[in-house]
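Below: the structure, in structure tokens.
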Amino acid sequence: MKGQRFLGLGYLGPYIIGLLVFTAIPFFGSLYLSFTKYDLMSSPDWTGLANYERLFTRDRTFFKSLNVTLLYVLLTVPLKLAFALFIATVLNYRLQFIGLFRTAFYVPSILGGSIAIAVLWRYMFATEGLVNMALATIGLGPIDWFGDPTNALLTITLLRCWQFGSAMVIFLAALQSIDKSLYEAAAIDGAGKVRIFFFITLPLLTPVIFFNLIMQMVQAFQEFNGPYIITQGGPLKATYLLPLYIYEEAFKKFNMGYASAIAWVLFTIITVLTLIAFWSSKKWVYYAGDKRS
Amino acid sequence: MTDITTSNDLTMDETARAKRRAGLRLFSTAIRYALLFLVGFVMLYPLIWLVGASFKTNSEIFSGAGFLPQNPTLDGYIKGWQTSTPYTFGRFFWNSFLIILPKVIGTAISCTMAAYAFARFDFPLKKVLFGSVIAILLLPNVVTRIPQYILFRDLGWLDSFLPLWVPSALAGDAFFVFMLVQFLRSLPSDMEEAARVDGANSLQTLVYIVVPMLAPALISVCLFQFMWTMNDFLGPLIYLSSVDKYPVSLALKLSIDTTEAFEWNRILAMSVLAISPALIVFFAAQRYFIEGISSGGIKG
């Protein structure tokens, strides 16, 4: 039985090696690099806070990029989650073909991250593309999707929202697991549909809303393929999200130290927002029976 | 007498209300269907259009929003397949396959081992280590990518598939570990105890009892890993530099950059081919995707 104690660790061996070599050491490595100047040719050169100083005082590209990233996340995450929840609510009803719809709505999530879809997006939102042709049939003039900074960001956001399927599947599963007797009890007490949704359904969904919110936020902050392929960060850096900036600094210009500093700023932002979400969750996330695990 | 009339009134009232409720339900159902069809159409039309447009001539692609090509042509497929490199897309699909297969196998084995350890054993630092799974799950890759690149460079692994294989083969995709742990915890362990009593060691128990029970979740893991790897772009972009090692995603980006600006149907045709493996696998095994995502999420 004594051997059992270490047997578990044995099975965990590969994971532990991976954790150390590919996560823990790189994690602190990039923190160290962020205080250095390193171009891969000579060894890293300690420069103290110089990278951060440049970042926060002189780097206008960084501020533009940070702005755009925050705007993108603020736009994409609520829009996507609200839409996913809305469609899940519509689907959660005695409908036939519910499986068929669920599958259809999930398809974009399967393909969404691929380069092929980013390519498709470029064609769809081109000046003479599918979207403008569809708009023309209802009498709306052609929109310059990629030339206008706001519109360009919107196309990237739409690509993400198009992939609402996985969030929707999670919402739908949660909706279907809600005890029907709760609805019946509320209906007998005379509560209307809207009241039932806001006072019963929504509170019971808060754990999955919380889960989806964190996952989508972490993901949105790391968006790369969309802006890289569709808009190349343009126009006027309007879609130049921080991951793009980090990629170019690190792997185009080989400013490994500076890129690490940007990565750490991005990481800090994500961490602070995640912590705020966790902290605030005590106030708004409802756990059935208050069973916290 | 009075009693009877009131109860009669009541039933009348009830039937009227029931009728109204049935009417409302019908109305609600109709609205729901209309909405779902509309959303479904808007969601899927771009994909349908993509398939149609890949058979169109270049001059037709931007001339109408319709799906059916007027003069169907395989030109896009034939010329697109050739690419402007010395290789055909066949080579790039083969590369994608070479990346995916070891990665999926490595993921399945290492994540099963990790999940087995977490769900069935007690050991020192278990809490901390399981905490690290959650931490990796939430840790943005962007923060570890640069040192990883430097590590792979020092190991001489750049421009090979090793940087794409090895982290996954060491259970680096915490999402899968988490998913399998959740699944395994929900399974009873009496079968395993029975096997133990019969003299099976822990490895035999894992292979003969646990893995078959885990099968549905493991299939989900393999399918997700297949899909994500097929779609992965940034990994190959950073680590692979020679064209003969490019997977489909990079090759597609390359053809956008190198194909002449008006040869749209080639790129669209290759886009269709690029998404087909994922689509085929998804439709063949959609049950596992939906279950995987809802079980992984709901218990989180």
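Summary of computed values
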item: Chain B - mean residue ellipticity at 222 nm from DSSP helices (-39,500 (n - 2.57) per run, n ≥ 4, rounded to 500); result: -24500 deg cm²/dmol
item: Cβ-based charge dipole, chain A, positive-most Cα from A:Phe125, A:Phe56, A:Ser166; result: A:Ser166
item: Karplus 3J(HN,Hα) series, Hz, for the stretch B:274-287 with 6.51 cos²θ - 1.76 cosθ + 1.60 (x for Gly, Pro); result: 5, 8, 4, x, 4, 5, 4, 4, 4, 5, 6, 9, 4, 3
item: Amide proton proximity set for A:Lys37, modelled H, under 5 Å, gap of 5+; result: A:Asp45, A:Trp46, A:Thr47
item: Separation in nanometres of the label points that stand 7 Å from Cα toward Cβ, at A:Asn151 and B:Phe283; result: 3.4 nm
item: Taking B:Val181, A:Val21 and counting other C-beta atoms within 10 Å, the order from fewest to most; result: A:Val21, B:Val181
item: Chymotrypsin sites (Phe, Trp or Tyr not before Pro) restricted to DSSP loop in the stretch B:54-131 with at most 16 other C-beta within 10 Å; result: B:Phe67, B:Tyr87
item: Square roots of five times the Cα gyration tensor eigenvalues for chain B, Å; result: 44, 39, 16
item: A:Arg60/B:Ile134 FRET efficiency (R0 51 Å; Cβ-Cβ; nearest 0.05); result: 0.85
item: Residue order, fewest to most beta carbons within 10 Å, for A:Ile117, A:Ile209; result: A:Ile209, A:Ile117
item: Spin-label model distance (nm) - B:Arg21 vs B:Thr57, 7 Å beyond Cα toward Cβ; result: 6.3 nm
item: Most mobile of A:Leu100, A:Leu213, A:Leu70 in a GNM of chain A (Cα contacts under 10 Å); result: A:Leu100
item: Dipole moment magnitude, nearest 20 debye, the protein assembly as shown about Cα centre, only Lys, Arg, Asp, Glu C-beta charged; result: 700 debye
item: Gap separating the Cα centres of the stretch B:194-231 and the stretch A:123-191, nearest whole Å; result: 37 Å
item: Order of A:Lys237, A:Lys282 under a 10 Å beta carbon neighbour criterion, fewest first; result: A:Lys282, A:Lys237
item: Net dipole in debye of the stretch A:62-287 [+1 Lys, Arg Cβ; -1 Asp, Glu Cβ; about Cα centre; nearest 20]; result: 280 debye
item: Separation in nanometres of the label points that stand 7 Å from Cα toward Cβ, at A:Ile17 and A:Leu95; result: 4.9 nm
item: For the stretch A:81-117 and the stretch B:141-161, distance of Cα centres in Å; result: 36 Å
item: Estimated vicinal HN-Hα couplings, Hz - the stretch B:177-192 in sequence order (Karplus 6.51, -1.76, 1.60; Gly, Pro = x); result: 4, 4, 4, 5, 4, 4, 5, 5, 5, 7, 9, x, 9, 4, 4, 5
item: Förster radius 41 Å - calculated FRET efficiency between B:Phe262 and B:Leu203, Cβ distance, rounded to 0.05; result: 0.10
item: Eligible lysines near B:Lys126 by straight Cα distance, threshold 29 Å, same-chain separation 8 or greater; result: A:Lys2, A:Lys282, A:Lys291, B:Lys103, B:Lys299
item: Rounded D (µm²/s) - the stretch A:62-287, Kirkwood Rh over Cα pairs, Stokes-Einstein at 10 °C, 1.306 mPa s; result: 81 µm²/s
item: Calculated from backbone phi, Karplus (6.51, -1.76, 1.60) coupling profile of the stretch B:237-250 in Hz, x at Gly/Pro; result: 4, 6, 8, 9, 10, 8, 4, 5, 9, 4, x, 4, 4, 5
item: Modelled FRET efficiency - R0 35 Å, A:Lys252 with B:Ile78, Cβ distances, 0.05 increments; result: 0.50
item: nm² value of the averaged projected area, convex hull over the Cα atoms of the stretch B:2-76; result: 6.9 nm²
item: Positive-end residue of B:Ala169, A:Ser280, B:Val211, charge dipole of the protein assembly as shown with Cβ unit charges; result: A:Ser280
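We did not get these values from a lab; they are worked out from the coordinates using the rules stated. What you see is a predicted model; the values in this text were computed from it and never measured. Note that each Cβ is placed from the backbone with ideal geometry, even for glycine, and that neighbours are counted across all protein chains shown.
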